[in-house]
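Here the structure comes first, spelled out in C-alpha cells, and everything after it is commentary.
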Amino acid sequence: MEAVQIVECPRDAWQGLSHIIPTEIKIAYLTELIQVGFHTLDAGSFVSPKAVPQMQDTAAVLEALPYAAYPHTGLLVIVANRRGAEEAVRHPAVRYVGYPLSLSETFQRQNTRQSRAEAQAFVEELVELCRAYGKVPVVYLSMGFGNPYGDPYDPEEVVVLAHHLQAKGVAILSLADTVGLATPDQIYNLLARVLPLVQGVTWGVHLHATPQDSRAKIAAAWEAGCRRFDTALGGYGGCPFAGVPLVSNLRTETLLSFLEEKSALPPLNWQALARAQSLLSQAFG
C-alpha cells in the first residue's frame, strides 16, 4: 500500500484567530508536533504582518524548533508573493514552500492580492527559487471544487491547470476545498479524474468540513486514490480571507481513526501526540 502522508497544519489553524498566540507557546506546541512523525508540519507563513499578524513571528518560531533532530518531518511554510518566497527559501528550517493558486479570480485577489494570471506567473518564479535553494514547491489549488462567489468553475480546468503546473516543475499539488462546500461525491469524482491523468506529482487534499462531514470526505478522497491529507488537531482553523464563515479543518484525530481501520497508519510517536494534545487549550486559547 502506498505510504500515507499526513500534513499537520497548525499554521492554518492559527491564522484566523483574533488573538495573538505567544511565540513561546507556538514553539512548545510545534516542538511536540515535530516529534510525532507526521510527514509534513505546516508551521508558518512568510506573509505581510498587516495581513496576518498571527504569523509575524514565523522566522523566530522556526529557528527555535529542533528540526535537524527530526528529519523525517519536513517543515512547510506558505507564501503569497516573491518577497515572502525569498525569505522562505533562505530559511534553513524550511523544506517545503506552499502557495495558494485559486481556481476563482475573486478568491485569488482576496487571498494574495493578485489576478489569476499574475498568480500563475508567480508559481513559475517560485519553482525557480525552490530549485535554486533546494526546496520543494507545493501548490494548493484553492477553491478546487467550486466557489461561493459565482465565479466560473469547470472541473476540466483543474486537469488543464494541473498539467501545466506539473510541466513547470511543481512536485506536489493539493486540491483545496477552501470553504468546505464540496460534497464527498465531488471530491471522489474530481480526484478519480485527475490522479490518473496528471502523474509525476504527489496529489493531496486540503479539505474543510463540519465534524459530521469529515469522515465521509476523507473516505471519498481515499477511495479515489489520494494518500496525502492536510489536517489539524482538534479541527481548528478555516480560511479567514474567503469572506464567508470559517469551516473547520479536518480533525487529525478523525483521519488517524480512519487510517487505523484501513491498517494504513504510518509509524507515530503517540506520547508526543498526547503531549501536543495536552497543549491544545494553550495553543489556541
Tell me whether segment 59-74 contains one or more residues that are closer than 16 Å to residue 206 by Cα and either of a type in the set (Phe, Trp, Tyr) or crowded, with 23+ Cβ neighbours inside 10 Å (or both). no
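Checking the conditions here, which among 83, 11 is farther than 24 Å from residue 254 by Cβ and in a helix (DSSP H, G or I)? Write out each step before concluding.
Working: 11 fails: farther than 24 Å from residue 254 by Cβ.
Exactly one residue qualifies, and that residue is 83.
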Subset of segment 44-58, residues in contact with a helix residue (DSSP H, G or I) (Cβ under 6 Å, 6 or more places away or on another chain) and within 23 Å of residue 281 (Cβ to Cβ), comes to 44, 52, 54, 57
Being touching a helix residue (DSSP H, G or I) at 6+ places or on another chain (Cβ under 6 Å), of a type outside the set (S, T, N, Q) and not in a loop (DSSP other than H, G, I, E, B) is true for just one of 88, 119. Which residue is that? 119
Need the failing condition index for residue 218 against (1) of a type in the set (Val, Ile, Thr); (2) within 27 Å of residue 276 (Cβ to Cβ); (3) not in a helix (DSSP H, G or I), just the number. (3)
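Yes/no per residue for (1) modelled with pLDDT of 95 or more; (2) touching a strand residue (DSSP E or B) at 6+ places or on another chain (Cβ under 8 Å); (3) within 13 Å of residue 169 (Cβ to Cβ):
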{"site": "96", "(1), (2), (3)": "yes, yes, no"}
{"site": "103", "(1), (2), (3)": "yes, yes, no"}
{"site": "113", "(1), (2), (3)": "no, no, no"}
{"site": "118", "(1), (2), (3)": "yes, no, no"}
{"site": "132", "(1), (2), (3)": "yes, no, yes"}
{"site": "142", "(1), (2), (3)": "yes, yes, no"}
{"site": "154", "(1), (2), (3)": "yes, no, no"}
Subset of segment 165-206, residues within 15 Å of residue 228 (Cα to Cα), surrounded by 23 or more Cβ atoms within 10 Å (Cβ to Cβ) and either small (Gly, Ala, Ser) or modelled with pLDDT under 95 (or both), comes to 174, 176, 177, 204
Scan of segment 91-115 for residues that are buried (at least 19 other Cβ atoms within 10 Å of the Cβ) and part of a helix (DSSP H, G or I), ordered by number: 107, 108, 111, 112
How do the pairs read when you match residues in segment 195-212 that are assigned to a helix (DSSP H, G or I) with residues anywhere that are buried (at least 20 other Cβ atoms within 10 Å of the Cβ) and among the charged types (D, E, K, R), using Cβ under 9 Å and keeping only pairs 6 or more apart or on different chains? 211/251
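Considering only residues that are part of a strand (DSSP E or B) and of a type outside the set (Asp, Glu), look in segment 221-235 and name the one that is surrounded by the most Cβ atoms within 10 Å (Cβ to Cβ).
So the first thing to find is which residues in segment 221-235 are part of a strand (DSSP E or B), and the list is 228-232.
Retained after the next criterion (residues that are of a type outside the set (Asp, Glu)): 228-229, 231-232.
Working: 228: 22, 229: 26, 231: 28, 232: 25.
Only one residue tops the list, namely 231.
The values are calculated or read from the model by the stated rules, or taken from the named source; none is laboratory data. All figures in this text were calculated on a predicted structure; none of them were measured in a lab. FYI the Cβ positions are ideal-geometry reconstructions off the backbone, even for glycines, and counts take in every protein chain you see.
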